[in-house]
Amino acid sequence: MAYNHQQIEKKWQDRWETSGVFHAKDGGEKQKFYCLIEFPYPSGAGLHIGHPRSYTALDVVSRKRRHQGYNVLYPIGWDAFGLPTENYAIKTGRKPQDITRENTDTFRRQLKSLGLSFDWSREVNTTDPSYYKWTQWMFLEFFKAGLAYKTSQPINWCLSCKIGLANEEVVNGKCERCGGVTEKRDKEQWMIAITKYAERLLEGLDTVDYLEKIKSQQRNWIGKSEGAEIDFSVPPLPEGGLGGVGDSIQVFTTRPDTIFGATFLVVSPEVGKKWLDVGWQASEEVRRYVVESLAREEMDRTAEGKEKTGVDTGVVAINPANGKQIPVWIADYVLGGYGTGAIMAVPAHDERDFEFAQKFGLSVVKVIEPEPLQEIINPDVGISHAMQSNVKIVSDCFIGDGVMVNSGDFNGMKSKETMWAIVDKIGARRSVKYKLRDWVFSRQRYWGEPIPLVWCENHQWVAVPNEQLPVVLPDVEKYEPTDTGESPLAAMSDWVNTTCPQCGGPARRETDTMPNWAGSSWYFLRYIDSHNDKEFASRDKLKYWMPIDLYNGGMEHTVLHLLYSRFWNKFLFDRGHVPVSEPYARRHSHGLVLAEDGTKMSKSKGNVVNPDEIVRDYGADSLRMYILFMGPFEEPVPWSLNGLIGVRRFLDKVERYVGDWREVQTNSEVAGVVERSLKKVSDDIESFKFNTAVSAFMSLFNEIVESHVTREQLKKILVVLGPFAPHLANECWEKIGETGMVEEQAWPEFDEALLVQDEIEMGVQVNGKARVTIQISPTADEATAKQLAFADEKIQKHLEGKEIVKIVYVPGRILNIVVK
RNA sequence: GCGCGGGUGGUGUAAUGGUAGCCACGCCAGCUUGAGGGGCUGGUGGCCGUAAGGCCGUGGAGGUUCAAGUCCUCUCCCGCGCACCA
């Protein structure tokens, strides 16, 4: 290898550190740019090779912005609470605090070795009491606003982690962390009412610049449905015995237009349970069904392709649209936790209801016909495809919109247009439902922020006064979670027993801790003023820095973390604590770095790439540039050591080129190439096309390798190279006798005149087939182009004996000669 | 099932509707006294051909256009997310 990367990388990292060039200033003349990466969880495994993908990309943007004269904030910190550390503590009998310190030391060293331009003076750590003091303070804000509440409810309990999980943390009935089995348990849990913000979290998406797929995932998760709540009255049975059911059943539907086809009702086992609890005299069979289906695990109940089960309750209800009596069933395909927990079943127009009706022999009444054929003919496509698409419609269960039939006065009308008329006519109410649930906020574990509340018999839950924050996590003997579901803190009677801040009487501390989403929901605010011990951040600084101009992280966080932190910020905004409602103006996501074989890297498979070894053997600049070059930023891409070596060869070539460089006064031959290449790099950074930016550099050097460029040209090249390979760029800068650092230079301006090529190679086609190329000005007129083309022997041959029908000439693009 | 992305050489990939395959990896050949994935030059989509050249080629089938990887319709496959959410 041509240059000693270990030596030069150390040298420039030291200079950056001592000069403080990457420190952000809180204010001043310059325009601000807040650039954020998701702060890492400092695991014991050390930095993953995937981390630098995000960090380097935003480092490139940050560095470019500094060159452009922005005041850039590019901070870093540690999201250090969490289960792996706690489990490791249990296994080794060591303190999580000590483990965290070691891990963050490792991560810090590793990140510094990459030459990332973080402002290390603002480093934060969520497990630091001076940090979680404010996490606790914010929790109390939720509490004081009535958004944090404790409730007993069935929660997802992971049997192996011994921890309650949020709905979001359960994947197909398994624990997201350990993959273990979960079950439903009734537990007292702290909840935060994120559902109150559902609509605003949805609306806010229209005001921000996120990748479309991120927005759609968020929308999907919030899951807004517009429809109606309809009451189906229940006539009293002559024999009596209906107590508990009440005199009507409320259902939620998004298709009130299909109500004439509602041939039965289905209520969830949860609703059935509620009726039983208040005295419904149901049959033995019904009781058994309710008990058994409630006992079954979620996983089981919602498994795909599962045969539907259910039981006829004997209760009947009246369809308010046509007055018909219809049976009421209980079935577990209706979920207790969504809508009203009851539905009107329209088997003719809903697949699930159809399946159920088929199995139990319930009647099916069609109330919507597909639109007549003419209506769906697409003029651009022609009739044949309309015929094809019509074929789908011919099935037993039709889901789409169409024309009403069997619907009394509404017959013949379009279903879409009758929706709300029907709702009005039957006296139902418009209603909006969301899939989003409230946030389960307590964990029965040690390694998290203590929830700063105290239970007093007289005053119930009381907030710990602000001046007593933080409630510091006490040292405990044992970190093991308990089977009773209590946090290990519960055993610390000295800590648990306290006095009520309101009456001074005896009180007990809450022993649950917060989920580790808590600290990461607001860390971006702390970076703004990380040493402030009076506020989480000063008003003025928040106003200056927020919102975040660019945020990047993994796709795995685009639902939970992004939603929680947006919510958290909106809440703080409502309380007047932060200046903007949406924290992230622009959000990007990067793809995973896969192992060489295209699978996920994992320790057990032994295909993990260690960043330390790469930096040691090939240098940080090689790693940085390769990880940007390997593929499109958003896509998952397999790692390739050979690919990395290829980039290293390129850097060697750069170093050699600069070493051999002799200053020349002018070089107009390559001026255009230099200008256009660097312009492309500059543009590609803006559009996150780092892979083509790197390839533009490679092309550039391939073209200039034979010649010496001028000093100005070379300086430009090195400045633009700086964000990608900052150590080498600086080394070269120094080598050609320039003073200062590349970081201090302005981003180059690009000369319009040089960006335009005066002669290009243009394709000539005959009947759309490329035949030859001609050298021509991109602005040449048609006559010139024709003359050049017709002068070509090959073209002449292709035209021989043919009649020219048409000539299409697009200057700078193509000349197409159409012949017969 | 619904939503969002994708299918291009041996590989990673690139292409404002305008010469498909930039840039790399790998491979082949040659040069260099420089051994441990050293440097340089040239070649490298497939088929036919000594060559000149020709034909074919971006998952598949149609279509629009002077011109389609790109636009439209249908279809197959893959990845990610959500999922009995009424």
Kindly put A:Trp120, A:Trp568, A:Trp16 in sequence by how many other C-beta atoms sit within 10 Å of each C-beta, fewest to most. A:Trp120, A:Trp16, A:Trp568
Size of electric dipole in region A:64-184: Cβ of Lys, Arg +1 and of Asp, Glu -1, about Cα centre, debye, nearest 20: 240 debye
In nm, to one decimal, how far is the modelled label at A:Asp617 from the one at A:Asp475, with both set 7 Å along Cα→Cβ? 4.3 nm
So, by mean Cβ neighbours within 10 angstrom, what's the order for A:485-492, A:573-580 with the highest one leading? A:485-492, A:573-580
Difference of contour (0.36 nm per residue) and Cα-Cα distance, A:Asn458 to A:Lys769: 103.1 nm
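Would you work out the relative contact order for region A:261-350, in percent, from Cα pairs under 8 angstrom that are 6 or more residues apart?
On the way: 142 pairs, mean separation 43.3, N = 90.
Reported as a whole number, the value is 48 percent.
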Which whole-number percent is the relative contact order of chain A (Cα, under 8 Å, 6+ apart)? 14 percent
What is region A:576-693's relative contact order, in percent, from Cα pairs under 8 angstrom and six or more apart in sequence? 27 percent
The exposure ranking of A:Ile222, A:Ile736, A:Ile548, fewest beta-carbon neighbours within 10 Å first, is A:Ile736, A:Ile222, A:Ile548
Only Lys, Arg, Asp and Glu count, each charged at its Cβ (+1, +1, -1, -1), so figure out the dipole size of region A:611-652 about its Cα centre, rounded to 20 debye. 140 debye
Over 5 Å intervals from 0, what percent of Cα-Cα pairs in region A:153-236 sits in each interval? 3, 12, 15, 13, 14, 16, 14, 8, 4, 1, 0, 0
Total Lys pairs in region A:414-522 closer than 22 Å by alpha-carbon, pairs eight or more apart in sequence or interchain only? 4
Take a quick pass over region A:16-112 and tell me how many lysine pairs come in under 24 angstrom between Cα atoms, counting only ones 8 or more apart or on separate chains. 6
Rg/Rh ratio calculated on Cα atoms of region A:423-576 (Kirkwood radius): 1.06
Report the local net charge at A:Ala24: Lys and Arg +1, Asp and Glu -1, summed over other residues whose C-beta lies under 12 Å from its C-beta. +4
Under the rule rounded for a/c under 1.5, else prolate if a/b exceeds b/c, else oblate, using alpha carbon gyration tensor axes a ≥ b ≥ c, region A:556-708 is classed as oblate
Projected area averaged over all directions for the convex hull of the alpha carbon atoms of region A:122-276, nm², comes out at 15.4 nm²
In 5 Å bins starting at 0, how do the alpha-carbon pair distances of region A:13-154 split up by percent? 2, 9, 15, 16, 16, 14, 12, 9, 4, 2, 1, 0
What is the distance, in nm, between label points placed 7 Å from the Cα along the Cα-to-Cβ direction at A:Asp26 and at A:Arg185? 4.4 nm
Could you tell me the center-to-center distance, by alpha carbons, between region A:306-367 and region A:680-708 in angstrom? 63 Å
Suppose R0 equals 22 Å; then what is the FRET efficiency for A:Ser152 and A:Gln281 from their Cβ-Cβ distance, rounded to the nearest 0.05? 0.20
Taking 0.36 nm per intervening residue step and subtracting the Cα-Cα distance, what contour gain separates A:Lys735 from A:Glu292 on full extension? 151.6 nm
At 0.692 mPa s and 37 °C, plugging the Kirkwood radius over alpha-carbon pairs of chain A into Stokes-Einstein gives what diffusion coefficient in µm²/s? 103 µm²/s
Return A:Ile776, A:Ile717 ranked ascending by Cβ neighbour count within 10 Å, so the fewest neighbours appear first. A:Ile776, A:Ile717
Alpha carbon centre of region A:517-595 versus region A:3-58: separation in Å? 19 Å
Helix-only mean residue ellipticity at 222 nm, chain A, DSSP H runs n ≥ 4 weighted -39,500 (n - 2.57), per residue, nearest 500. What is it? -11000 deg cm²/dmol
Along the Cα→Cβ direction, 7 angstrom out, place labels at A:Lys806 and A:Glu669. What is the inter-label distance in nm? 4.3 nm
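Read the figures in this text as sums done on the coordinates, not as results from a lab. Keep in mind that this is a model prediction, so the values were computed, not measured. Don't worry about glycine lacking a Cβ; one is built from the backbone with ideal geometry, like all the others, and counts go over all protein chains shown.
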